[in-house]
Amino acid sequence: MRIDLHTHSTASDGTDTPAELVVNAAAAGLDVVAITDHDTTAGWAPAVEALPAGLTLVRGMEMSCIGLGEDGYPVSVHLLAYLFDPTDRSFADERERLRAERVDRLRAMAQRMAADGLPIDPEAVLASAGPSAGRPHLARALVAAGVVSSVDAAFTDLLAARGRYYVEKADTPLRRAVSMIAEAGGVSVLAHTKARKRGRLLAESDIRELAELGLGGLEIAHPDHSAPDREALAGLAAELGLLRTGSSDYHGANKTIELGEFTTDPAQFEELVGKATGVPVVVS
Ligand code: AMP
Ligand code: FE
Ligand code: FE
Ligand code: ZN
């Protein structure tokens, strides 16, 4: 069983359409794939529609949250949400708010670049994005305009959180997100909490507190996690009774990682499915 529980499509900042994503997942030899676009479930229906025989689809999302950093200041945190009821009203409203924040924020970043003389058209950047606009859409515009050589290069400077063009967005407080997901029958898993190259990290005290509040698991195996960090996280998950997942965080051509490069243990997956009451997994 090969299980990849964190991937992105064109519904957010991946480059495979949801249909291509499930076809590519089957071609990569996966048995289970989760579609986890940022702040949207727009990819769910087309992924179900195109699901190849033999592949199990987990409907999920990666939610933009704000937590407490190790240094005591707020830090951006990604929270994976699996198998929740998409019609739960307060959760659906919050997703809509997050997507509106994304649009306003990306427009503001693009406008700052344009004002500085960079060859960027803010409205064209927004038009290039699907339901959930993100910095990778601006990165691709910068590559297309010849400003930088790659999406990755755009993030080292122009799009970086400490860069001159960065604009904050108002993400969901982590505690609130964990309870919203639970109330919608879903299972929450903290994504890449030790991705050091992305910036500051979430305080361990926050993880411990969230475990008390219904957090479901920790993402352990991830391309941005070192081996020692994975080991430490697995220990923490065991201590707190949390699920342990592993995933590629595939973004198509926006990153170099392939589907299935990191995977989840089948027993952990079964336990995750057993905890969810929102929507079932889909098998074609
Ligand atoms: P945003 O959601 O708009 O804040 O943009 C963050 C997204 O940018 C993440 O979900 C990643 O997919 C992507 N990202 C962050 N750092 C990099 C990088 N170095 N190279 C490529 N994509 C990145
Ligand atoms: Fe992303
Ligand atoms: Fe993420
Ligand atoms: Zn992701």
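Nothing in this text is a laboratory measurement; each read-out follows from the coordinates by a stated rule. All values derive from a computational prediction rather than experimental measurement. No Cβ is skipped: glycine too gets one built from the backbone with ideal geometry, and neighbour counts run over all protein chains shown.
The conditions are (1) farther than 24 Å from T256 by Cβ; (2) of a type outside the set (S, T, N, Q); (3) within 16 Å of ligand 3 (Cβ to nearest atom); (4) buried (at least 21 other Cβ atoms within 10 Å of the Cβ), and I66 fails exactly one of them. Which is it?
Condition not satisfied by I66: (4).
Residue-by-condition table, conditions (1) farther than 22 Å from K194 by Cα; (2) in contact with a Phe, Trp or Tyr (Cβ under 6 Å, 6 or more places away or on another chain); (3) in a loop (DSSP other than H, G, I, E, B):
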{"position": "V33", "(1), (2), (3)": "yes, no, no"}
{"position": "M63", "(1), (2), (3)": "no, no, no"}
{"position": "D71", "(1), (2), (3)": "no, no, yes"}
{"position": "V75", "(1), (2), (3)": "no, no, no"}
{"position": "D93", "(1), (2), (3)": "yes, no, no"}
{"position": "A110", "(1), (2), (3)": "yes, no, no"}
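Cβ contacts < 7 Å: first residue in contact (Cβ under 8 Å) with a residue 12 or more places away in the chain, restricted to segment 92-105; second residue in a helix (DSSP H, G or I) and surrounded by fewer than 19 Cβ atoms within 10 Å (Cβ to Cβ), any location; separation 6+ or different chain. Result?
Note: pairs meeting the criteria are V103/L126.
I'd like the residue in segment 87-103 that is under 20 Å from D13 (Cα atoms) and not basic (K, R) and, out of all such residues, is surrounded by the fewest Cβ atoms within 10 Å (Cβ to Cβ).
Taking segment 87-103 and keeping what is under 20 Å from D13 (Cα atoms), we get 92, 94-103.
Still in the list and also not basic (K, R): 92, 94, 96, 98, 100-101, 103.
Values: A92: 16, E94: 17, E96: 12, L98: 21, A100: 14, E101: 18, V103: 14.
So, considering only residues that are under 20 Å from D13 (Cα atoms) and not basic (K, R), the one surrounded by the fewest Cβ atoms within 10 Å (Cβ to Cβ) is E96.
Would you be able to tell me the number of residues in segment 22-58 that are of a type outside the set (G, A, S) and within 16 Å of ligand 3 (Cβ to nearest atom)? Explain how you work it out, then say what you get.
Quick first cut of segment 22-58, residues of a type outside the set (G, A, S) only: 22-24, 30-33, 35-41, 44, 46, 48-49, 51-52, 55-58.
Retained after the next criterion (residues that are within 16 Å of ligand 3 (Cβ to nearest atom)): 35-40.
Residues in segment 22-58 being of a type outside the set (G, A, S) and within 16 Å of ligand 3 (Cβ to nearest atom): 6 in total.
Take segment 36-61 and flag every residue that is within 16 Å of ligand 2 (Cβ to nearest atom) and either in a loop (DSSP other than H, G, I, E, B) or surrounded by fewer than 19 Cβ atoms within 10 Å (Cβ to Cβ) (or both). Don't jump to the end; show me each part of the working.
Residues of segment 36-61 that are within 16 Å of ligand 2 (Cβ to nearest atom), as a first pass: 36-43, 60-61.
T36, D37, D39, T40, T41, A42, G43, listed by residue number.
Is it fair to say G67 is more than 16 Å from ligand 1 (Cβ to nearest atom) and within 30 Å of A160 (Cβ to Cβ)? Give the derivation first.
Numbers: more than 16 Å from ligand 1 (Cβ to nearest atom): no; within 30 Å of A160 (Cβ to Cβ): yes.
Taking the combined requirement at face value, the residue does not satisfy it.
When you look at G214, is it small (G, A, S), within 20 Å of M63 (Cβ to Cβ), surrounded by fewer than 19 Cβ atoms within 10 Å (Cβ to Cβ) and touching a residue at least 24 places away in the same chain (Cβ under 8 Å), yes or no? Let's see the steps before the verdict.
Numbers: small (G, A, S): yes; within 20 Å of M63 (Cβ to Cβ): yes; surrounded by fewer than 19 Cβ atoms within 10 Å (Cβ to Cβ): yes; touching a residue at least 24 places away in the same chain (Cβ under 8 Å): yes.
In short, yes.
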